[in-house]
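One structure is given below, encoded as C-alpha cells.
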Amino acid sequence: MNVVEHIELLRKIRWQNPLENWGLVPTMGFLHEGHLSLVRLAKMENDRVGVSIFVNPAQFNNSADLEKYPRNLQRDLDMLAAEGVDLVWTPTPEMAYPDNFQTYVNVEDITQPLEGEKRPGHFRGVTTIVAKLFNVFQPQRVYFGQKDAQQVAVIRRMATDLNFNLEMVVCPTVREADGLAMSSRNARLSPEARQDALCLYRALQTAEALVQSGEQRASKIIAAMREIIEPIERANIDYISIADPETLAEVAEIRQHALISMAVFVDDVRLIDNVLVESKF
Ligand code: AMP
C-alpha cells in the first residue's frame with residue numbers, strides 16, 4: 001500500500017496505468033466499520049482504491065471540535081492495508097491549503113438548512129476539500145455514507161453543477177449491534193453517555209414506525225421523537241428535521257419520501273443520524 005503526502009507522487013501512482021479504474025473514499029480518519037464498508041464496496045467495483053485521511057480544518061466551525069477530533073494514523077493505515085487499499089493520501093493542512101490559498105467551492109441553497117445552519121462555513125470547507133480530492137485522484141467512482149445525508153446531497157449537487165466526470169456511490173449507515181450509528185466521535189463518549197446516545201436511534205425507529213402506521217404529519221412525528229430524547233439529561237437536541245431528501249426543504253406532511261434527520265449533543269459530543277422513510281399512504 002502506498003502512503004503519500006505529496007500530490008506529485010500521488011498523481012504518478014494514480015496514472016501508472018491509465019486504463020485502470022479508480023475508486024476514492026474520502027475520510028477524516030479514526031476509521032471504523034462504517035468507513036470500511038465504503039472501502040470494501042470500492043474494492044469490489046474498481047481496479048484500484050484510493051483513500052484520503054485528512055481532518056480538514058476548513059470544515060470545522062468550532063476550533064475545540066477540531067482539536068478534540070480523534071486521530072490514530074498508524075491504526076488507520078493498518079486497517080486500510082488489511083483491506084488491500086492501493087493508495088492513501090495523508091496531506092498536512094499546509095499541503096491542502098498552501099500560503100495564499102483563496103479559492104473555495106460554495107454550493108448555495110441546500111447548504112443553508114440543517115447542518116449548514118448550525119455549523120456556518122462547514123459545507124464550504126467540505127465542498128472545497130472534496131473538489132480538490134476529485135481533482136487530485138480523478139477517480140471513476142467516489143464513495144460516501146448515507147450517515148451524512150446532507151453532505152451526500154451537497155456533493156451530488158456540486159459534482160453535477162461542476163461537471164465532475166465520476167459516479168457517486170452512496171452506502172447505507174453502518175450501526176453498532178445496539179443501533180448507534182458508527183462515528184469517529186463515538187470514541188469521545190463516556191460509558192454513560194454511550195448508553196444515552198442510543199436515544200437518537202430509538203427516536204428514529206419510533207419515527208419510522210409512525211410513518212409505517214400511516215402518520216404523515218411532521219409535527220406529530222417530531223413531537224414523538226422529542227418525547228424520547230428530552231427526558232435524557234445528557235442529551236440536548238440541536239435540531240430534528242423532516243425534509244424533502246433532494247431539496248432538504250422542510251415538509252409539513254410526508255408524501256412518498258422524506259429524510260428524517262437530527263443532531264443531538266450527548267454531553268459535549270455532537271452526534272448526527274438520519275433515516276429515509278417512505279409513506280405508502
Ligand atoms: P468521516 O471520516 O466522518 O468524514 O467519514 C468519511 C465517510 O465515511 C463519509 O462519506 C461518511 O458519510 C462515511 N461514514 C461515516 N460513518 C459511517 C457509518 N456509520 N456508516 C456508513 N458510512 C459512514
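The values are calculated or read from the model by the stated rules, or taken from the named source; none is laboratory data. Source: prediction; values computed, not measured. Ideal geometry is used to build each Cβ from the backbone, glycine not excepted, and the neighbour counts take in all protein chains shown. SASA here: full protein model, heavy atoms, side chains in, ligands and nucleic acids out. Shrake-Rupley method; radii C 1.70, N 1.55, O 1.52, S 1.80 Å.
May I have the pair-distance distribution P(r) for the range 182-281, computed from all Cα-Cα distances with 10 Å bins from 0 and rounded to whole percent?
16, 48, 27, 8, 0
Using the alpha-carbon atoms, what tilt in degrees (0 to 90, nearest 10) does helix 218-229 show relative to the longest principal axis of the chain?
It works out to around 80 degrees.
What net charge do the residues around PRO18 carry, taking every other residue with its C-beta under 14 Å from that of PRO18, with Lys and Arg at +1 and Asp and Glu at -1? Numbers along the way, then the final one.
Numbers: positive: ARG11, LYS12, ARG14, ARG48; negative: GLU20, ASP47.
Around PRO18, the charge tally is +2.
Out of MET225, MET95, MET28, any idea which swings most in a Gaussian network model of the chain, alpha carbons joined below 10 Å?
Of MET225, MET95, MET28, the Gaussian network model singles out MET95 as fluctuating most.
Within the accessible area of the range 18-164, what % is carbon and sulfur when the probe is 1.4 Å and the other protein chains stay in place? Present the calculation step by step, with values, prior to reporting the outcome.
Numbers: 3080 of 6590 Å².
Taking all protein chains in place, the range 18-164 shows 47 percent carbon and sulfur surface.
Over the alpha-carbon set of the range 1-152, divide Rg by the Kirkwood Rh and report the Rg/Rh ratio to two decimals.
On the way: Rg = 15.3 Å, Rh = 16.1 Å.
Reported Rg/Rh (Cα atoms, Kirkwood Rh): 0.95.
Note down the accessible area of PHE265, probe 1.4 Å, to the nearest 10 Å².
Solvent-accessible area, nearest 10 Å²: 70 Å².
I'd like to check one number: the per residue accessible area of the range 1-120, probe 1.4 Å, reported in Å² as a whole number. Kindly include the intermediate steps, with their values, before the conclusion.
Numbers: 6350 Å² over 120 residues.
Counting only protein heavy atoms, the per-residue value for the range 1-120 is 53 Å².
Of GLN59, ALA235, PRO18, which is farthest towards the positive pole of the chain's charge dipole, taken about the Cα centre with +1 and -1 on the beta-carbons of Lys, Arg and Asp, Glu respectively?
PRO18
Picking from GLN195, GLN59, GLN216, which is most flexible by a Gaussian network model of the chain using Cα springs under 10 Å?
Greatest mean-square fluctuation among the candidates belongs to GLN195.
So what is Rg over Rh here for the chain, counting just Cα atoms and using Kirkwood for Rh?
Details: Rg = 19.2 Å, Rh = 19.8 Å.
That ratio is 0.97, to two decimals.
Could you sort LYS68, LYS147 by their accessible area in this structure, using a 1.4 Å probe and putting the largest first?
Details: LYS68 100, LYS147 35 Å².
Ranked list, largest accessible area first: LYS68, LYS147.
Among ASP196, ASP178, ASP267, which one shows the biggest mean-square fluctuation in a GNM of the chain, springs joining Cα atoms closer than 10 Å?
ASP178
Write down the radius of gyration of the range 144-188 and its Dmax, each obtained from C-alpha positions, in Å.
Cα-based Rg and Dmax for the range 144-188 come out at 13.4, 40 Å.
Treating the angle as unsigned and between 0 and 90°, give the value, to the nearest 10°, between the Cα long axis of helix 122-137 and the longest Cα principal axis of the chain.
Taking the Cα atoms of the chain, the angle to 122-137 is about 30 degrees.
Contour minus end-to-end for ARG175 and ARG226, with contour as 0.36 nm per residue of separation and end-to-end as the Cα-Cα distance?
Values: separation 51, 0.36 × 51 = 18.36 nm, distance 2.16 nm.
This chain segment gains 16.2 nm when fully extended.
Going 7 Å from the Cα of GLU8 in the Cα-to-Cβ direction, what parts of the range 74-95 have a backbone nitrogen less than 16 Å from that spot?
95, by backbone N distance to the label point.
Please provide three numbers in whole Å: the alpha-carbon extents of the range 95-148 along the principal axes, with the largest listed first.
Per principal axis, max minus min of the Cα coordinates gives 31, 29, 16 Å.
In straight Cα distance, which lysines are under 21 Å from LYS118, not counting same-chain residues fewer than 8 positions off?
LYS68, LYS147
Using only the Cα atoms, work out Rg/Rh for the range 123-256, with Rh taken as the Kirkwood radius, to two decimals.
Across the range 123-256, the Cα-based Rg/Rh ratio is 1.02.
Which whole number in µm²/s is D for the range 24-108 by Stokes-Einstein, with the Kirkwood Rh taken over Cα pairs at 4 °C and 1.567 mPa s?
Estimated diffusion coefficient is 91 µm²/s.
How far is helix 149-161 tilted off the main Cα axis of the chain, in degrees rounded to 10, range 0 to 90?
Result, in degrees: 50.
So what are the three principal axis dimensions of the range 187-246 from its Cα atoms, in whole Å, longest to shortest?
Ordered largest first, the range 187-246 gives principal extents of 37, 24, 16 Å.
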